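K.L.:
This is the structure I want to talk about, given as structure tokens.
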Amino acid sequence: MVLKFGGQPLAELLSGNVDVVSQATEADLLSLADDPRFRIYQAFTPHSVHAIAWNQGHPAFRDPRVRRALTQAVDREELLRVLNLPEDTPVLDVLFTEGQFRRGELPAPLPYDPEEASRLLEEAGWQDADDDGIRQRGGRPFEFSALVGPLFGLERAAVYIQSQLRRVGIRMEVERLEILALFERVTAREFDAVIADIHTRGDAGALHFEEDSPIGYSNPRVGSLLRQKGLMFDRAEVDSIYRELWPIFQADLPVTFLFPIVRTTIAHRRVRGLASPSRIDPALHIEQLWLEDEP
């Protein structure tokens, strides 16, 4: 086995210099969609999901009705198709364990419903009184900036979300940053919203749900349950903690989940032993792989 790093992976694959490309991109998939020489293997990373985190220091995002409206204003199932993600990619709304994800035990997510989104925005005081297409409250237009990094098709997702929110009278500007600059802005709480990874196991990553979270979300019951979870080792007890979190989280909606991270491997057909979703990383399963030239 020879490992190669850097360069142009897709070009290397097409030229026959390599047999497998791990962590392939959406553009790679589109380029190879009809090429019979290759197979595609994919798996979800359920403990990490891309989401829009709403900074609740922003006046509009303090109201859970608004956060619910923002969630229901985005057709997340269509977004999956726009990004060319697998057909079985789930739409999620809650924190969960990997076992709950694998067993399909998660509650149904909020549906796409722009009419309900508009109703909730009206109820929260955001109205388009002057018919200019942008809602206002107290003379202030509903507009904000969303930070987004260059990875995993998130820039395309941001543009799609921007168009969806515009339909319900909300103006979202997209601010593109490199990863380090984005991380610095988030940790300094200098943002309105950010499209980034959320750890669904409640781990204290850059974006989390403890009292000192950069998004300003604070629910004492959520904090207490997450701390209890951190002291537990029994899987059934941890599952129970997450089930108790589900209705609280769906009521508060501090973030709008978009889609779980999807890992993709593209391999020449002569590489055998890879499988979706259990064996897509050749470096981790080398003892189960073999080469078989087809006639």
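K.L.:
Using the crude model of +1 on Lys and Arg Cβ and -1 on Asp and Glu Cβ, and no other charge, please compute the dipole size for the range 143-245 relative to its Cα centre, in debye to 20.
P.N.:
Numbers: 13 positive and 17 negative charges, 75 e Å.
Its charge dipole is roughly 360 debye.
K.L.:
Which one of Leu70, Ala181, Phe249 is farthest out on the positive end of the charge dipole of the chain, using unit charges on Cβ (Lys, Arg +1; Asp, Glu -1) and the Cα centre as origin?
P.N.:
Positive-end residue among those listed: Phe249.
K.L.:
So for the range 121-224, taking the charge dipole from beta-carbon charges (+1 Lys/Arg, -1 Asp/Glu), which of Gly216, Ala193, Leu165 sits furthest toward the positive end?
P.N.:
Leu165
K.L.:
For the range 140-192 and the range 32-68, what is the separation of their Cα centres, given in Å?
P.N.:
13 Å
K.L.:
Can you give me the distance in nm between label points at Val159 and Glu292, each placed 7 Å from the Cα along the Cα-to-Cβ direction?
P.N.:
Output for this residue pair reads 4.2 nm.
K.L.:
Quick check on the range 232-285: take the gyration tensor over C-alpha atoms, sort the square-rooted eigenvalues as a ≥ b ≥ c, and tell me if it's rounded (a/c under 1.5), prolate or oblate. Before the final figure, lay out the partial values.
P.N.:
On the way: a/c = 5.05, a/b = 2.06, b/c = 2.46.
Since a/c reaches 1.5 but b/c is at least a/b, the shape of the range 232-285 is classed as oblate.
K.L.:
Taking a probe of 1.4 Å, how large is the accessible area per residue of the range 68-109, in Å²? List each step's numbers first, then the result.
P.N.:
Details: 1820 Å² over 42 residues.
Ligands and nucleic acids excluded, the result is 43 Å² per residue.
K.L.:
Now a separate question. Obtain the nm distance between the two label points defined at Ser31 and Arg167 by a simple spin-label model: each point lies 7 Å from its Cα along the Cα-to-C-beta direction.
P.N.:
3.2 nm
K.L.:
Does anyone have the angle between helix 235-252 and the longest principal axis of the chain? Alpha-carbon axes, 0 to 90°, nearest 10?
P.N.:
Approximately 50 degrees, to the nearest 10.
K.L.:
Got the relative contact order for the range 134-188 handy, in percent, Cα pairs under 8 Å and 6 or more residues apart? Numbers along the way, then the final one.
P.N.:
Values: 63 pairs, mean separation 23.1, N = 55.
Relative contact order comes out at 42 percent.
K.L.:
Something else about it: With a ≥ b ≥ c the root eigenvalues of the C-alpha gyration tensor of the range 73-228, is it rounded (a/c under 1.5), prolate (a/b larger than b/c) or oblate?
P.N.:
Rounded is the answer for the range 73-228, as its axis ratio a/c remains below 1.5.
K.L.:
Counting each DSSP H run of 4 or more residues in the chain as -39500 (n - 2.57), what helix-only mean residue ellipticity at 222 nm follows after dividing by all residues, to the nearest 500 deg cm²/dmol? Spell out each step's value before the answer.
P.N.:
Numbers: 10 runs with 96 residues, N = 295.
Taken over the chain, the calculation gives -9500 deg cm²/dmol.
K.L.:
Here is a follow-up. Between 0 and 90 degrees, rounded to the nearest ten: what's the tilt of helix 220-230 against the longest Cα principal axis of the chain?
P.N.:
20 degrees
K.L.:
A follow-up question, please. Summarise the accessible area of the chain (1.4 Å probe, protein heavy atoms) by the percent that is carbon and sulfur.
P.N.:
Details: 7480 of 14790 Å².
That fraction is 51 percent.
K.L.:
Please go through the range 150-200 and write out the GluC sites (Glu not before Pro) that DSSP classes as loop and that have at most 13 other C-beta atoms within 10 Å. Each step should come with its number before you reach the end.
P.N.:
Details: sites: Glu155, Glu173, Glu175, Glu178, Glu184, Glu190; in loops: Glu178, Glu190.
Answer by residue number: Glu178, Glu190.
K.L.:
With the contact rule set at Cα under 8 Å and sequence spacing of 6 or more, what percent relative contact order holds for the range 198-291? Display every interim value, and only then the final one.
P.N.:
Numbers: 63 pairs, mean separation 12.6, N = 94.
For the range 198-291, the relative contact order is 13 percent.
K.L.:
Would you please name the trypsin sites (Lys or Arg not before Pro) within the range 57-127 that are DSSP coil residues with at most 16 other C-beta atoms within 10 Å of their C-beta? Don't skip to the end; give the middle numbers.
P.N.:
On the way: sites: Arg62, Arg65, Arg67, Arg68, Arg76, Arg81, Arg102, Arg103, Arg119; in loops: Arg103.
Qualifying residues, ordered by number: Arg103.
K.L.:
Using the Cα centre as the reference, give the magnitude of the dipole from point charges on the C-beta atoms of the chain (Lys, Arg: +1; Asp, Glu: -1; all else neutral), rounded to the nearest 20 debye. All intermediate terms of the calculation are to be shown ahead of the outcome.
P.N.:
Values: 33 positive and 47 negative charges, 74 e Å.
Using only the charged Cβ atoms, the result is roughly 360 debye.
K.L.:
Still on this structure: I want to verify the translational diffusion coefficient of the chain in µm²/s; compute it with Stokes-Einstein, Rh as the Kirkwood radius over Cα pairs, at 20 °C and 1.002 mPa s.
P.N.:
On the way: Rh = 20.9 Å.
Estimated diffusion coefficient is 103 µm²/s.
K.L.:
Put +1 on the Cβ of each Lys and Arg and -1 on the Cβ of each Asp and Glu in the chain; which of Ile134, Trp290, Ser15 then has its Cα farthest toward the positive end of the dipole?
P.N.:
Trp290
K.L.:
Still on this structure: What is the magnitude of the charge dipole of the range 64-144 about its Cα centre, with +1 placed on the Cβ of each Lys and Arg, -1 on the Cβ of each Asp and Glu, and no other charges, expressed in debye to the nearest 20?
P.N.:
Details: 11 positive and 18 negative charges, 86 e Å.
Value, rounded to 20: 420 debye.
K.L.:
Could you work out the relative contact order of the range 26-184, using alpha carbon pairs under 8 angstrom and six or more residues apart, expressed as a whole percent?
P.N.:
Numbers: 166 pairs, mean separation 33.3, N = 159.
Rounded, it is 21 percent for the range 26-184.
K.L.:
Kindly provide the chymotrypsin sites (Phe, Trp or Tyr not before Pro) of the range 1-84 that DSSP labels as loop, not H, G, I, E or B, and whose Cβ sees at most 14 other Cβ atoms within 10 Å.
P.N.:
Sites meeting the loop and neighbour criteria: Phe5.
The values are calculated or read from the model by the stated rules, or taken from the named source; none is laboratory data. This is a predicted model, so every value here is computed, not measured. Virtual Cβ from ideal backbone geometry, glycine too; neighbours counted across all protein chains shown. Note: areas computed on protein heavy atoms with side chains; ligands, DNA, RNA excluded. Shrake-Rupley method; radii C 1.70, N 1.55, O 1.52, S 1.80 Å.
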